[in-house]
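Below is one structure, written out as structure tokens; the observations come after it.
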Amino acid sequence: MATLISQNAASKKRGEKIKRKALDDPSPLDTLQETENFNELEEVKPKKKKKERKENQEAITEQEMEMKKLESVLFGSLHPVEFGKDTKVIDEGNDDSALFFTDRSANSTLSAYEEDGIMGEIIGTEDNVQRKPVWVDEEEQKVNINIAKVNRLRKMRKEEDESLISGSEYVSRLRAQHMKLNPTTEWARLDNDSDQENGDIDNILQTTDDLVVKGSDKLLPGILEYSRLVDANAQDPSSGPINSVQFHRNGQLLLTGGLDKKLRFFQIDGKRNTKIQTIFVDDCPIRKASFTPDGSQVIVSGRRKFFYSFDLVKAKMDKIGPLVGREEKSLESFEVSPDSKTIAFLGNEGYILLVSTKTKELIGTLKMNGTSRAISFANNGQQLLSTGGDGMIYHWDLRTMSCFHKGVDEGCITGTSISTSPNGNLFAAGSDSGIVNIYNHDEFLGGNRKPVKTIENLTTKVDFMKFNHDAQILAVCSSMKKNSMKLVHIPSYTVFSNWPPSNRTLQFPRCLDFSPAGGMMAMGNAAGHVLLYKLNHYQHA
């Protein structure tokens with residue numbers, strides 16, 4: 001059994017070896033088939049190379065076409081159209097017209113034949129000649145709106161007696177009002193200069209918003225459009241009452257002065273109102289501080305025999321006084337002439353002291369019958385108006401140092417304030433009873449002493465009055481009562497109904513000033529704050 005098993009096992013091993021050898025050794029048929037397959041592969045290789053070369057060439061041509069297309073988009077056509085020749089595509093099989101065009105935005109100055117071609121396109125197309133809106137509301141033409149009946153719509157009137165307008169006109173005025181109150185930023189505004197140079201009149205006349213906003217120089221009565229800004233002295237409020245606020249002639253610099261003996265300067269932008277400098281006047285609580293109209297000096301005074309002059313260029317403070325030959329114990333009230341040559345101080349017993357702005361010396365005196373309470377320059381500094389305890393209004397000629405006219409202020413017992421308009425046509429006189437009379441200057445000198453209008457909205461002594469730059473607004477205030485301040489619309493001689501604000505934030509007003517272009521108004525109160533407002537009717541500060 002063992003021998004048989006061993007023999008069978010040996011025979012099995014020999015059979016497996018033979019099979020393995022047969023599998024390892026290729027048959028002649030297999031070798032023949034492999035040679036045929038190798039020959040076929042050698043024949044396919046050159047065909048693949050030709051196909052790859054063709055694909056590479058096509059890719060290169062496509063890349064060149066993309067580069068040319070990009071160049072034409074960036075730099076325009078490199079082959080300008082010749083005058084008199086047909087610009088249509090010659091080869092219909094290879095249409096490259098989409099790759100070439102005239103880049104008009106890159107160069108606004110076109111040649112003669114290019115302009116002719118463009119004008120020919122504009123004239124030839126009906127869409128550019130007559131542009132129609134996509135949708136029109138027919139009800140806008142039928143509806144009439146009464147803008148005088150609703151208070152919040154009165155500001156859209158162009159004339160005082162205007163009442164009914166059509167629906168389309170109402171829509172256009174609403175758009176103009178929105179553009180006026182919400183102007184776009186500089187970077188978001190479209191540049192229309194190129195349109196005007198190219199004669200694109202259609203785009204200019206599509207809307208009248210700019211025309212309405214820029215042409216509205218006339219301030220309408222009734223409601224004053226304003227907005228509250230950050231307080232002018234928010235970075236450094238005063239610890240005492242504010243007695244003086246005034247804008248510099250550049251409209252960006254504002255001074256404040258008060259009983260805390262500090263003179264402060266702020267750069268006004270309506271957002272931050274950065275403090276520039278603070279000057280401490282040790283021996284003089286400030287009753288009044290004022291720029292000279294030329295903007296070179298600041299005159300500071302209080303209840304002292306002397307006053308101060310601060311040079312803005314040299315940043316130097318000079319103490320001046322007492323004045324030679326005078327015994328006044330207080331020089332707290334003064335006015336500077338519009339030509340910056342004279343300073344007029346209120347003295348004792350009806351005297352008005354005239355001091356040279358250059359030399360700071362006394363150059364003359366004027367004498368009233370009663371006590372002197374208020375003064376105001378007129379006629380570019382050649383005349384002076386004054387009022388006081390006798391209820392009279394005096395007109396002085398500073399060239400001859402004499403009074404050439406004197407008249408009674410109607411209904412006035414004691415005059416406390418006087419102010420002249422910048423153009424000199426009007427002047428306003430306030431009394432201790434709260435009555436403000438507005439006079440025509442020429443008529444008053446001619447003998448007609450009847451006031452043009454009497455403002456009776458205040459019930460306490462009028463302390464301060466101020467016209468704005470175009471004499472359309474007169475501000476009157478009294479420091480003896482809370483929120484006792486009114487703004488008068490001069491063309492109609494009516495008081496703005498929405499001023500003072502209803503939230504009673506004015507406190508006790510003491511002083512006020514308008515910016516040189518009328519866009520801002522600053523008001524100081526007894527709490528030491530300087531409230532800042534933007535008057536939306538005026539575009540610039």
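The values are calculated or read from the model by the stated rules, or taken from the named source; none is laboratory data. Source: prediction; values computed, not measured. Glycine gets a Cβ as well: all are built from the backbone with ideal geometry, and neighbour counts include every protein chain shown. Accessible surface areas use protein heavy atoms only, side chains included; no ligands, DNA or RNA. Shrake-Rupley method; radii C 1.70, N 1.55, O 1.52, S 1.80 Å.
Quick notes on this one:
- FRET efficiency, Lys275 to Glu160 (Cβ-Cβ, R0 51 Å, nearest 0.05): 0.75
- Shape call, the stretch 226-535: gyration tensor on alpha carbons, a/c limit 1.5: oblate
- Accessible surface of the stretch 226-535, 1.4 Å probe, proportion on carbon and sulfur as whole %: 46
- Over all projection directions, the Cα-based convex hull of the stretch 423-490 averages an area of 4.4 nm².
- Rg/Rg_globular for the stretch 228-380, with Rg_globular taken as 2.2 N^0.38 Å and Rg from C-alpha atoms: 1.06
- Prolate/oblate/rounded label for the stretch 315-361 (Cα gyration tensor, a/c 1.5): oblate
- Here is the list for the stretch 240-328: chymotrypsin sites (Phe, Trp or Tyr not before Pro) lying in DSSP coil, each with at most 16 other C-beta atoms within 10 angstrom of its C-beta, are Phe306.
- A 1.4 Å probe run over the stretch 226-535, with the rest of the protein chains in place, finds 41 Å² accessible per residue.
- Restricting the stretch 312-407 to trypsin sites (Lys or Arg not before Pro) in coil, as DSSP defines it, with at most 13 other Cβ within 10 Å: Lys314, Lys329, Lys358, Arg399
- Inter-site label distance for Asn503 and Lys406 at 7 Å from Cα along Cβ, in nm: 5.0
- Contour excess over end-to-end distance, with Cα ends at Leu362 and Ser330 and 0.36 nm allotted per residue: 10.0 nm
- Neighbour-limited loop hits for GluC sites (Glu not before Pro), the stretch 305-345 (at most 10 other Cβ within 10 Å; DSSP other than H, G, I, E, B): Glu327
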